[in-house]
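The values are calculated or read from the model by the stated rules, or taken from the named source; none is laboratory data. Since the model is a prediction, treat every value here as computed from it, not as a measurement. In this analysis, Cβ positions are derived from the backbone assuming ideal geometry, glycine residues included, and neighbour counts consider all displayed protein chains.
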Amino acid sequence: MTEFLTNHATASASGTAADQETGETAPSRTPNVRTTAGTAGDGSSARTPRRRRVDSDPARRLRTLTGVDEELLAKVRYERSKYTALGGVVLGTSVIAAFSMWNFATEALGRVSLMALVPTVIWMLFVLNLDRWLVTPQPNARRRVGPLLTRLLIALLLGTVIAEPLVLRIFQTAIEEHVADERTDAVDQLRTNLVRCNPVPSTTRTVTPEGCDRTYVLSFRATPGERVEELAALRSDAAALQTRVDRDSARLEDIDSEVRDECRRLVRIAATGLYQRTSECLRLRDKARDYRTTHRTGENEKRLAGMNTRISEIEAELTSSRSEFLEARADGIEQRLDAERAKQKEIGVLERIRALDELASGNPVLFVGIWLVRLLFILLDVLPVLVKYLSGETAYDRMLTSESNSAVKIHSEEVRIAERRALAKLEIAQDAIEQEVRRHRAESEAAFREHTAAMNIRVRQAVNALEDEIRRSSTV
């Protein structure tokens, strides 16, 4: 244990001496300690004005967006312009993302509103910090392909989300015209279906046309179907009666013609010398009278006239009922069309995306143009990651890797020293306990030996006393 403490003190002394020879202090090996040492060396009064002057530098603020360490970057000043430009790219990407979210929010709300600023600012800050994380230099980055591919995939997905609202904004006019035409066609198709599925009923039994469901069938309080059936029955009866009347009238006309022809002839009576009708004339007149009586021609004609009058009245009522039905159907159709137009308010984002896909599917030139614009915005959004990882490993990256590895080694050594120090303390405590045990054991053995010696002395004294007593007894 004493040897370990001696070696540890020797190593610490040699390390301090080496640091003094190189002109550096031990804490300067880590970035955090280096900053503290630098602050303590410069003085607080001299450090504060310079920090304020540097913080107000726009280039430094842009480099802050790349996540670089200014103190480490100061050692390679020629790379400052590169990281300043990279910070500008990150800022430009976040501005494009903010404009994209503004368009998306205004389209979702249907109007320009200050409420759209809330998601716009949140989205801009989110994209800004995400891009900053994506381009922040990482030690040993070239040795890890997995994180690089992950960052590129995240940037690609983010660029796709940002690019879509901008593409919709560019093709806004064509999209709105296409949606307006679709809505007009939908209203016209609805009107056609409503008219086809609600014809003027010709009977009391309404038959729904093929392809019509409850969506297109309207309800009416009254329909002209009942009067149509009554009119059809009345017309059928009137037609049958008209046929009968025509037949009886024709037959009666023939009989009357025969009566007229026969009754023109007069026969002279020889006894009186007067002229009179022939017996055939009288017979034909009786026949005509009997025909009218048996066939009821007069009643049939009056009945036919009444039926024709009733038919005219029903036709007038049917015309009026049909007009009322058409008016009611027109009102019902207009109400359905107004309800459909009420649904077609502002054009939503999903409707715009669907309209853009439909426009692109029917026009190859437009399809190529849409995808070129979309890929352009995706490329702009992926640009920070591409600029960072396609520019190659810089001196700053190598320095960052070296400093990170050095910090890891120093930390490992510090942990090892702390471990050895803790183990040494445990060994010392263990030795002290063992020494205490041995001391107590020796003391116990010494006390036992003292007790044994005392007992032996007492035994010898008792034996001597007994011998003396025996000796005296034998003498007496």
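Quick grid of which residues meet (1) more than 19 Å from LEU376 (Cβ to Cβ); (2) surrounded by fewer than 20 Cβ atoms within 10 Å (Cβ to Cβ); (3) assigned by TED's automatic domain parsing to the domain that holds PHE377:
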{"position": "GLY67", "(1), (2), (3)": "yes, yes, yes"}
{"position": "VAL76", "(1), (2), (3)": "yes, yes, yes"}
{"position": "ALA97", "(1), (2), (3)": "no, no, yes"}
{"position": "ARG111", "(1), (2), (3)": "yes, yes, yes"}
{"position": "LEU117", "(1), (2), (3)": "yes, yes, yes"}
{"position": "MET124", "(1), (2), (3)": "yes, no, yes"}
{"position": "GLY159", "(1), (2), (3)": "no, no, yes"}
{"position": "ALA163", "(1), (2), (3)": "no, no, yes"}
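For (1) buried (at least 20 other Cβ atoms within 10 Å of the Cβ); (2) under 23 Å from GLU182 (Cβ atoms); (3) out of contact with any Lys or Arg (no Cβ under 6 Å at 6 or more places or on another chain); (4) not assigned by TED's automatic domain parsing to the domain that holds LEU156, each residue gets a yes or a no:
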| position | (1), (2), (3), (4) |
| --- | --- |
| ASP357 | no, yes, yes, yes |
| PHE367 | no, yes, yes, no |
| TRP371 | no, yes, yes, no |
| VAL387 | no, no, yes, no |
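Within the group GLU182, GLU177, which residue is part of a helix (DSSP H, G or I) and surrounded by 15 or more Cβ atoms within 10 Å (Cβ to Cβ)? Break it down stepwise before answering.
On the way: GLU177 fails: surrounded by 15 or more Cβ atoms within 10 Å (Cβ to Cβ).
Exactly one residue qualifies, and that residue is GLU182.
Condition check: touching a helix residue (DSSP H, G or I) at 6+ places or on another chain (Cβ under 7 Å), polar (S, T, N, Q) and touching a residue at least 12 places away in the same chain (Cβ under 8 Å). Does SER406 satisfy that? Outline the logic, then answer.
Details: touching a helix residue (DSSP H, G or I) at 6+ places or on another chain (Cβ under 7 Å): yes; polar (S, T, N, Q): yes; touching a residue at least 12 places away in the same chain (Cβ under 8 Å): yes.
It is true that SER406 is touching a helix residue (DSSP H, G or I) at 6+ places or on another chain (Cβ under 7 Å), polar (S, T, N, Q) and touching a residue at least 12 places away in the same chain (Cβ under 8 Å).
One residue stands out among those in the stretch 97-135 that are among the polar types (S, T, N, Q) and free of Cβ contacts under 8 Å to residues at least 60 places away in the same chain: the one that is farthest from VAL349 (Cα to Cα), which is ASN129.
Every residue, every condition in (1) assigned to a helix (DSSP H, G or I); (2) assigned by TED's automatic domain parsing to the domain that holds TRP102; (3) within 30 Å of ALA238 (Cβ to Cβ), yes or no:
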| residue | (1), (2), (3) |
| --- | --- |
| SER312 | yes, no, yes |
| SER323 | yes, no, yes |
| ARG354 | yes, no, no |
| LEU380 | yes, yes, no |
| GLU403 | yes, no, no |
| ILE410 | yes, no, no |
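Among the residues of the stretch 311-331, those that are surrounded by fewer than 16 Cβ atoms within 10 Å (Cβ to Cβ) and touching a residue at least 12 places away in the same chain (Cβ under 8 Å) comprise GLU315, GLU317, GLU324, LEU326. Selection of the stretch 312-362 for residues being of a type in the set (Val, Ile, Thr) and closer than 16 Å to LEU218 by Cα yields only ILE333. If I filter the stretch 383-392 for residues that are modelled with pLDDT under 80, farther than 30 Å from SER100 by Cα and not in a helix (DSSP H, G or I), do I get at least one hit? Scanning the stretch 383-392 turns up at least one residue that is modelled with pLDDT under 80, farther than 30 Å from SER100 by Cα and not in a helix (DSSP H, G or I).
Listed here are the residues, each with its yes/no results for (1) in contact (Cβ under 8 Å) with a residue 12 or more places away in the chain; (2) over 30 Å from LEU73 (Cα atoms); (3) of a type outside the set (Phe, Trp, Tyr).
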| position | (1), (2), (3) |
| --- | --- |
| SER402 | no, no, yes |
| GLU427 | yes, yes, yes |
| ALA432 | no, yes, yes |
| GLU436 | no, yes, yes |
| ARG439 | no, yes, yes |
| HIS451 | no, yes, yes |
| VAL463 | no, yes, yes |
| ASP468 | no, yes, yes |
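Yes/no matrix, rows are residues, columns are (1) in contact with a Gly (Cβ under 6 Å, 6 or more places away or on another chain); (2) of a type in the set (A, V, I, L, M); (3) surrounded by 10 or more Cβ atoms within 10 Å (Cβ to Cβ):
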position	(1), (2), (3)
GLU393	no, no, yes
GLU414	no, no, yes
ALA432	no, yes, yes
ARG439	no, no, yes
GLU443	no, no, yes
ALA447	no, yes, yes
ALA454	no, yes, yes
ALA462	no, yes, yes
ARG472	no, no, no
